[in-house]
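Working notes, beginning with the structure itself.
The values are calculated or read from the model by the stated rules, or taken from the named source; none is laboratory data. Source: prediction; values computed, not measured. Neighbour counts run over all protein chains shown; Cβ positions are idealised from the backbone, glycine included.
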Amino acid sequence: MNTQFVPIAFAEIHAEVQQHLASLPARIDSFLEEHILASQHYRILLNGQAAGFAAIHNGQLITQFALAMPYKPHGQPVFQQLRKLERVQEAFVPTCDEFFLAHALDEYRQLAKQAYFFRLGQPAQPRQIPSSYALRLAARADTAFIQEHSGDFFAPVERYIEAQELFLVQSGDACVGFGLLDTSSLYPDGASTGMYTLKGLRRRGVGTATITLLIAECERRGLQAVAGCWYGNHASKQTLERAGMFTQTRLLKIHF
């Protein structure tokens with residue numbers, strides 16, 4: 001079996017990547033999505049026939065590996081060849097992508113739990129929208145204030161403001177935090193939620209209220225909300241769970 005990896009622009013496989021991700025049992029968040037979009041993409045050819053695609057970030061991190069059904073039996077030798085490209089040393093693999101995960105595990109030397117991916121659960125009762133907090137769309141005039149209080153957490157701030165995806169969280173006239181709806185480029189109806197509570201106001205329910213309000217804003221815009229947090233960030237995990245989200249997917253960093 002002659003295996004070739006042909007460098008291509010992402011636009012050439014955008015539809016295939018969207019179709020592949022839509023077939024998985026859970027969605028990925030903006031962190032992994034950004035790594036995928038910033039990767040070098042490859043068309044996989046087997047005996048000259050288009051068989052699938054792969055992606056490598058920064059020369060060393062595999063972020064995508066997929067083969068069409070007729071070519072899946074060749075997965076192991078193809079993945080072994082993929083590992084020889086560029087300077088590959090590791091892979092970001094979401095546990096919802098069974099085919100990618102299985103082949104990465106065949107080759108692994110070390111495994112690190114990188115992040116949780118969250119989705120919205122089905123509440124037993126209607127979700128309660130907090131009445132003491134509200135979202136206000138950030139304006140250009142808010143840029144310096146946001147950067148002063150959150151650093152580079154929402155960088156690039158200007159892009160998110162222009163896209164109407166960044167919010168100030170207000171309690172009365174006071175700003176108590178910020179919220180983000182990072183619209184997906186890989187899911188036509190998806191957005192990742194993010195929040196930041198001002199120092200001195202944490203552990204008071206602001207984060208939970210922010211995520212709850214962002215979920216409601218997603219529903220208003222016809223978007224499906226997802227979220228992610230680092231595996232060791234127990235405070236963020238608890239905040240997302242209190243807001244009605246749950247995790248069934250992990251992002252693994254697999255070293256070869």
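Below, the figures for the structure above:
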read-out	value
Residues satisfying the stated conditions in the stretch 12-71, i.e. out of contact with any Asp or Glu (no Cβ under 6 Å at 6 or more places or on another chain) and β-branched (V, I, T)	I13, V17, I28, I36, I44, I62, T63
Qualifying residue in the stretch 92-103 (condition: at pLDDT 95 or above, assigned to a helix (DSSP H, G or I) and exposed (fewer than 13 other Cβ atoms within 10 Å of the Cβ))	yes
Residues (of a type in the set (S, T, Y) and under 21 Å from the mean Cα position of the chain (by Cα)) located in the stretch 1-41	S23, S30, S39
Subset of the stretch 26-80 [under 18 Å from A102 (Cα atoms), assigned to a helix (DSSP H, G or I) and not basic (K, R)]	M69, P70, Y71, P73, H74, G75, Q76, P77, V78, F79, Q80
Lone qualifier among T247, T210 - being buried (at least 16 other Cβ atoms within 10 Å of the Cβ), among the β-branched types (V, I, T) and under 21 Å from H149 (Cα atoms)	T210
Meets criteria (modelled with pLDDT of 95 or more and at negative phi) for E107	no
Selected residue (criterion: surrounded by the fewest Cβ atoms within 10 Å (Cβ to Cβ)) from residues of the stretch 213-244 that are in a strand (DSSP E or B) and not aromatic (F, W, Y)	Q224
Close pairs (9 angstrom Cβ cut-off, 6 or more residues apart or separate chains): more than 26 Å from S192 (Cβ to Cβ) in the stretch 104-122, among the small types (G, A, S) and assigned to a strand (DSSP E or B) anywhere	E107/A91; Y108/A91
Criterion: among the aliphatic types (A, V, I, L, M), in the same structural domain as V176 (by TED's automatic domain parsing) and at pLDDT below 95 - qualifying residue of I146, I161, I129	I129
Residue within the stretch 74-85 that is touching a Lys or Arg at 6+ places or on another chain (Cβ under 8 Å), over 16 Å from Y42 (Cα atoms) and of a type outside the set (G, A, S) present	no
Tally, over the stretch 136-170, of residues that are touching a Ser or Thr at 6+ places or on another chain (Cβ under 8 Å) and either part of a strand (DSSP E or B) or more than 23 Å from T212 (Cα to Cα) (or both)	2
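Residues checked against (1) exposed (fewer than 13 other Cβ atoms within 10 Å of the Cβ); (2) free of Cβ contacts under 8 Å to residues at least 40 places away in the same chain:
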site	(1), (2)
A139	yes, yes
I146	no, yes
G151	yes, yes
V157	no, yes
E162	yes, yes
G179	no, no
L186	no, no
Y196	no, no
G200	yes, yes
